[in-house]
1. Give the lysines reachable from LYS91 as a straight Cα distance under 28 Å; neighbours fewer than 8 places away on the same chain don't count.
2. Rounding to the nearest 20 debye, state how big the charge dipole of the stretch 8-84 is about its Cα centre with +1 on each Lys and Arg Cβ and -1 on each Asp and Glu Cβ.
3. At a 10 Å Cβ-Cβ cut-off, how would you order VAL15, VAL37, VAL61, fewest neighbours first?
4. Before rounding to the nearest 500, sum -39500 (n - 2.57) across all DSSP H runs of length at least 4 in the chain and divide by the residue total; then give [θ] at 222 nm in deg cm²/dmol.
5. Between VAL15 and SER89, what length in nm is gained on full extension when 0.36 nm per residue of separation is reduced by their alpha carbon distance?
6. Once volume of the Cα convex hull per residue in Å³ is worked out from the coordinates, which option in [x] 171; [y] 104; [z] 129 does it equal?
7. Please report the relative contact order for the chain, taking Cα pairs under 8 Å with a sequence separation of at least 6, and give it as a percent rounded to a whole number.
8. Work out the charge dipole of the chain with +1 on the Cβ of Lys and Arg and -1 on the Cβ of Asp and Glu about the Cα centre, then indicate which of ALA50, VAL78, VAL37 is farthest towards its positive end.
Amino acid sequence: MNAIILEKGEYNKLVQLVYEIKQDLNEKSQSLEGAFVDNKQFLKLMSISARTAQTWRSEGVIAYSQIGNKIYYQMSDVTKLLDKNHNESFKNNNY
């Protein structure tokens, strides 16, 4: 095993940097919740066909907004859809 030795000041800088990265990621994920994607982006994001997206909208699987012919989805609704259909692993993975 190779050990890395840091001076206290270097260690504190590293801890601060990790904290700042964590804060930045939290802020970005919260800002995405209110973000919208259009139908084209949604199809690409979910790797589905336009027909599947239409079926999901018709069956109430995913909420959407429509302005004229343009369809939009809130990222929070996409996240809810994925969370609702999340399946836990059957195996207990102890690494």
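1. LYS80
2. Numbers: 11 positive and 9 negative charges, 46 e Å.
Charge dipole, the stretch 8-84, about its Cα centre: 220 debye, nearest 20.
3. Numbers: VAL15 10, VAL37 19, VAL61 13.
Least to most surrounded, the residues fall as VAL15, VAL61, VAL37.
4. On the way: 4 runs with 53 residues, N = 95.
Theoretical 222 nm ellipticity from helices: -18000 deg cm²/dmol.
5. Values: separation 74, 0.36 × 74 = 26.64 nm, distance 3.22 nm.
Full-extension gain reported as 23.4 nm.
6. Comparing each candidate, only [x] matches the computed number.
7. Numbers: 49 pairs, mean separation 25.6, N = 95.
Relative contact order here is 27 percent.
8. ALA50
Taken together, the values in this text are just the output of simple stated rules run on the coordinates, not laboratory data. None of these values were measured; they are calculated from a predicted model. A quick note on method: Cβ atoms are made from the backbone with ideal geometry, for glycine too, and the neighbour counts reach across all protein chains shown.
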